[in-house]
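The values are calculated or read from the model by the stated rules, or taken from the named source; none is laboratory data. Source: prediction; values computed, not measured. Virtual Cβ from ideal backbone geometry, glycine too; neighbours counted across all protein chains shown. Keep in mind that these areas ignore ligands, DNA and RNA; they rest on the heavy atoms of the full protein, side chains included. Shrake-Rupley method; radii C 1.70, N 1.55, O 1.52, S 1.80 Å.
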Amino acid sequence: AQSAATSEANAKAAAQSAAAQSAAAASQAAASQAAASQAAASQAAAQPQHVAATASATTAKPTSVASANIAGNTYPYGQCTWYVKGDLSWVGNNWGNASSWASSATAAGHTVNGTASVGAVAYFAPGVGGASGYGHVAVVDSVNSDGTVTISEANYAGKLYNSRTISTSNVSGFIHQ
């Protein structure tokens, strides 16, 4: 009779231990989920923001920009890559010089092709459209019916910010979200 009571007590203790372990695991999972949510919110808050120094009446884009918060943007301030990452949050960090962006974006699962669309990245291989040996990238702001695109960019013609309309034939390709 004593061994049956001992077996019952051992079974009860094992059940209590399992319940305690399950509760601890659930508590740890909830804490992990809360930490992940807090980290995501913190990362979202750290995304680069643009501050317009002056704004044109005909466009929502500023005529010059400065980054109010460069956290989350690994590209050097004032470079074309910095501007595009700051304007398009889906663009990855550490894609390298502009000349590497098409292959980096493809590796990251983005579509790269010759079709322009608003919100895409226009990329210029070295020597194309006046790009340096590092290449060049810009944001597509509009696609026009005459076969041109209006782009915004940094570090073009010695300017921190520039907007221009160019033929799509002067672009190496487009990177899409």
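Hey, with R₀ at 30 Å, roughly what FRET efficiency would residue 117 and residue 94 work out to, going by the Cβ-Cβ distance, to 0.05?
0.80
Net charge near residue 79: determine it from the other residues with C-beta under 15 Å of the C-beta of residue 79, scoring Lys and Arg +1 and Asp and Glu -1.
In short, 0.
Could you give the semi-axes, largest first, of the ellipsoid that matches the stretch 80-176, computed as the square roots of 5 times the alpha carbon gyration tensor eigenvalues and rounded to whole Å?
17, 15, 13
So for the stretch 133-177, Kirkwood radius off the Cα pairs, Stokes-Einstein at 37 °C and 0.692 mPa s: how many µm² s⁻¹?
It comes out at roughly 292 µm²/s.
Mind grabbing the accessible area of residue 141 for me, 1.4 Å probe, Å², rounded to tens?
Per-residue accessible area (residue 141): approximately 40 Å².
Enter the accessible area per residue of the stretch 108-177 (Å², integer; probe 1.4 Å; all protein chains in place).
44 Å²
Taking a probe of 1.4 angstrom, what is the accessible area of residue 110 in Å², to the nearest 10?
Approximately 40 Å² of residue 110 is accessible to the 1.4 Å probe.
What figure in square angstrom, to the nearest 10, would you give for the accessible area of residue 175 with a 1.4 Å probe?
We get 0 Å² for residue 175.
Testing the spin-label approximation: label points 7 Å from Cα along Cα→Cβ at residue 107 and residue 77. State their distance in nm.
2.9 nm
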